[in-house]
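A short write-up of the structure that comes next.
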Amino acid sequence: MPVTRASVTGSVTDSARETKAAGFRADIQGLRAVAVLAVILNHAGIPAVSGGYVGVDVFFVISGFLITGHLARSLERDGRIGFATFYARRARRILPASLTVLLLSVLGALVLVPPLLREQIFRDAIATAFYVPNYSFAVQGTDYLADSTPSLFQHYWSLGVEEQFYLVWPLLLFGVYLLSRRVSRGSRRASRGARRWMIGVLSIVIVASFAASVALTFSSEPWAFFSLWSRAWELGLGGIVALAPGATRWLRPVVAAVLGWLGLAGILAACFLFSATTAFPGWADALPVASAALLIFAGAVPARFGPSLLLTLRPLQFIGLISYSIYLVHWPILVLVQARVGYYNPLPVWGTTLLVAASIPVAWLLYRFVENPARRATWLIHSVPRTLIGAGAASIVIAVVAVVAIAVTTALPLNSGRTTALSAPTDPPTATPFVPSNLRPSIQTAGDDNPAIYAQGCEVGIAQTAPNPCEFGAAGGQRIVLFGDSHAAQWFPALQKIAAEGSYQLETQTKSGCASVDIDIARNGVDYMACNVWRAKVIAQLKADPPALVVMANYTNPDFTNAANATAQWEAGMMKTIDELTPVTKVAVIADTPDLRYSPIICLSAHLTSARDCGQPASLALKSPGRPAEQDVASVTSATLIDLTGYFCADGWCPAIDGSTLIYRDSHHITATYSAELASALAPRIRALMG
């Protein structure tokens, strides 16, 4: 199933009820439909809608407009906000449908999701039940572009943002209102003054939040994407539109129509022109957000030939009406079906399209029998405590169910119950056809089987540009420098053993996602400039204090800034780095390890007796632009290519297990255990170069 950058749900929750006080806006109902269709088509992997993830931003603007308008009218009418009533109404509108889907998804995961993924999924369910899934994903560093096994509850992040918004927004507006009343005297003047004060405060929030969004996009993209403080400006901009209805008085219908079409065009342009490589949210987010605000603003003026011609069409009105339910159900349908068929078999676009189409009648059932009845239930409407207590109790019950599911999952055996003989790596590998009970490392611990240099703080972080060399082995011995990205770091266990046995000194110069090859790499859609600076500094250090040997290793399928002619770029970059180093030292290049595209340990947890199913054809696993470049450059330079591919693949197949050892800890990094065991294969080649 295609993995996309974003999803939307919470902002779909503001139904026509919030608009009735000021007049129902059919154009906003249609705008909901446009936004949710963009998102679900993007999740289905429709190539033309590569930027459909901006639908979430459109919904945030709609939500900010509706909620701020509702609260402002309440303050002007009553001079107060009924906080308990407000929160109870939000709970009735949002929680019954979302908690129903949450519970059903937990039960579905118990049956359809591979065992190794279940524990984290159920932890995500607990965070979702308590309305903080966005921060859970931010802490995990979730990357929608890189995650080939997305969380079943990934789409709830925006619901978390909205619920947190609902918690603080009324308090903020009420505080500003009270402050304005102290400054202004007279009811009419106070009313006008309150709106001006609110607009002023919201303007400050918008500027600060947008600045945070831009800054975090380049330094910590998950936090920019998931946090309330980096998304508040989108809701706030919708709020300013709600607080300034008088600004539309100067609009003639023809001008309003033009502005409305420009707003809709801006939203559609973002949907069709943005992609997974767009730095987002950041500066790019201004296009869909400003366009949505412009469309809502212009829509307040009746215009015969405005975008309402399109947005009020009956099909869009229907989709807009059930858009919240559509969003809630489409994602688990996609994820659970993909989990059932296996992540090694991505669903074709026609299949995902059928699934999102099927989610529409399912969503109607959810709307008809859960969402709408709960919102209109008189026994809840007439009892605010009953609503709030019931919402809290339901969340606790689902969290308890998730805890029980975690206990059940952790009790499951994740091996076949059979053992196999302990053996060193072989060329070709001994592909064990089952998951042995004496597997090293176990499936449960494989994800944490990392080289020790990570725990010791030797791996340079994303933003850091200063080299951070760490030294191991014999002080004063011949010096070997390991230089590259995480695919260099994965060879540390092998080289550490070799250094200890040969009385060498081993120095590590590794940086996450940063190749030692001089190429331009993109990260989160922007140039990874910190990588270029770090690489140049390391090379300068190596030239100033040459070691006996530099060992280069890199991931050969990175995100190039310009994807055109990737192999040629790798050749040129590798040649440049080698030409810088070979005048002062020897250079060896370890051929890149296979890339299985999806984590085999997840697959193995579901195929305990058929482990071969979790390997990949060599034609796929060894396909990368940098691999042929490594061979070509090594053949025309003095650098030595060390190719241990024979220990990973044989007869056109790359297995996940070699004898009693698990090869991979994720889709393309080898376990520290297997790296250490490969020291016996790597040592003769290193010793020959060391003389």
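The values are calculated or read from the model by the stated rules, or taken from the named source; none is laboratory data. Note that the coordinates shown come from a computational prediction; the quantities given were computed from them, not determined experimentally. All Cβ positions, even for glycine, are placed from backbone atoms using ideal geometry, and neighbour counts span all protein chains on display. For the accessible areas, the whole protein counts, side chains as well, though only heavy atoms, and no ligand, DNA or RNA atoms are used. Shrake-Rupley method; radii C 1.70, N 1.55, O 1.52, S 1.80 Å.
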- May I ask which of 511/543; 511/576; 497/543; 511/537; 537/576 have a Cα-Cα span longer than 24 Å here? 497/543
- Item | P(r) of the range 456-519 over all Cα-Cα pairs, binned every 10 Å from zero, in whole percent | 24, 51, 23, 2
- Message: Quick check: the angle from helix 492-502's long axis to the longest principal axis of the chain, C-alpha only, nearest 10 degrees?
- Response: 20
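I want to verify the translational diffusion coefficient of the range 253-395 in µm²/s; compute it with Stokes-Einstein, Rh as the Kirkwood radius over Cα pairs, at 4 °C and 1.567 mPa s. Write down the numbers at each step before the final one.
On the way: Rh = 18.7 Å.
Calculated translational D: 69 µm²/s.
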- Message: How large is the accessible surface of residue 454 in square angstrom, using a 1.4 angstrom probe and rounding to the nearest 10?
- Response: 80
- Note the angle between two axes, namely the Cα long axis of helix 228-243 and the longest principal axis of the Cα atoms of the chain, as a number of degrees from 0 to 90, rounded to the nearest 10. 20
- Item | Span from the the range 90-128 Cα centroid across to the the range 46-80 one, whole angstrom | 25
- Task: Please state, as a whole number in µm²/s, the translational diffusion coefficient that the Stokes-Einstein equation yields for the range 217-291 at 4 °C and 1.567 mPa s, with Rh defined as the Kirkwood radius across alpha carbon pairs.
- Result: 92
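What number, rounded to the nearest 500 deg cm²/dmol, is the helix-based mean residue ellipticity at 222 nm of the chain, given -39500 (n - 2.57) per DSSP H run of at least four residues and division by all its residues?
Values: 30 runs with 397 residues, N = 691.
After summing the helix terms and dividing by residue count, I get -18500 deg cm²/dmol.
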- Item | Sequence-distant residues sharing a close amide H with residue 589 (under 5 Å, placed H) | 552, 640, 641, 642
- Any idea what angle helix 323-341 forms with the longest principal axis of the chain, computed on alpha-carbon atoms, 0 to 90 degrees, nearest 10? 20
- Note on the structure: On each of the three principal axes the extent of the alpha-carbon atoms of the range 77-186, given in whole Å and largest first, is 65, 28, 17
- Note on the structure: Rounded to the nearest whole number, the per residue volume of the convex hull around the C-alpha atoms of the range 366-421 in Å³ is 102
- Task: On the full set of protein chains, 1.4 Å probe, figure out the accessible area of residue 576 and give it in Å² to the nearest 10.
- Result: 110
- Query: Over its Cα atoms, what ratio of radius of gyration to 2.2 N^0.38 Å does the range 497-538 give?
  - Reply: 1.57
- Task: Compute the relative contact order of the chain as a whole-number percentage, counting only Cα pairs closer than 8 Å that sit 6 or more residues apart in sequence.
- Result: 16
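Please report, in whole Å³, the volume per residue of the convex hull around the C-alpha atoms of the range 460-598.
On the way: hull volume 14.8 nm³, N = 139.
Taking the convex hull of the Cα positions in the range 460-598, it is 107 Å³ per residue.
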- Note on the structure: Check: C-alpha center the range 497-512 vs C-alpha center the range 282-350, spacing in Å is 53
- Work out Dmax and Rg for the range 398-552 from the C-alpha atoms and quote the Rg first, both in angstrom. 20.3, 61
- List the extent of the Cα atoms of the range 602-678 along each of their three principal axes, largest first, rounded to whole Å. 46, 26, 20
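Leaving out ligands and nucleic acids, note down the accessible area per residue over the range 527-639 with a 1.4 angstrom probe, in whole Å².
Working: 4470 Å² over 113 residues.
Per-residue accessible area for the range 527-639 comes out at 40 Å².
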- Task: Write down, largest first, the equivalent ellipsoid semi-axes of the range 15-105 in whole Å, where each equals the square root of 5 times an eigenvalue of the alpha-carbon gyration tensor.
- Result: 29, 18, 10
- Note on the structure: Between the residues 68, 411, 542, the Cα farthest towards the positive end of the dipole of the chain, that dipole coming from +1 and -1 charges on the beta-carbon of Lys, Arg, Asp and Glu, is from 68
- So which cysteines of the chain have no other cysteine's Cβ under 4.7 Å from theirs? 271
- Task: Kindly sort 113, 526 by accessible area of their heavy atoms, largest first, with the probe set to 1.4 Å.
- Result: 526, 113
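About the Cα centre, and with charges only on the beta carbon of Lys, Arg (+1) and Asp, Glu (-1), how big is the dipole of the chain? Nearest 20 debye, please. Show your work: numbers first, answer last.
Working: 50 positive and 42 negative charges, 841 e Å.
Computed about the Cα centre, the dipole is about 4040 debye.
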- Give me the compactness ratio for the range 323-447, meaning the Cα radius of gyration over 2.2 N^0.38 Å. 1.67
- Query: So, with a 1.4 angstrom probe, what is the percent of accessible area on the chain that is carbon and sulfur?
  - Reply: 63
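Roughly what percent of Cα-Cα pairs across the chain reach past 31 Å?
59
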- Task: Quick one: which residues, 5 or more positions from residue 654 or on another chain, have an amide H under 5 Å from its amide H? H modelled 1.01 Å from N in the peptide plane, none for Pro or chain starts.
- Result: 616, 618
- For the range 412-525, with the dipole built from +1 on Lys and Arg beta-carbon atoms and -1 on Asp and Glu ones, taken about the Cα centre, which of 421, 462, 443 lies farthest toward the positive end? 421
- Task: Please name which of 551, 86, 594 has its Cα lying farthest along the dipole of the chain towards the positive end, using unit charges on Cβ (Lys, Arg +1; Asp, Glu -1) and the Cα centre as origin.
- Result: 86
- Task: Could you pull the Cα extents of the range 337-387 along its three principal axes, largest to smallest, in whole Å?
- Result: 51, 19, 11
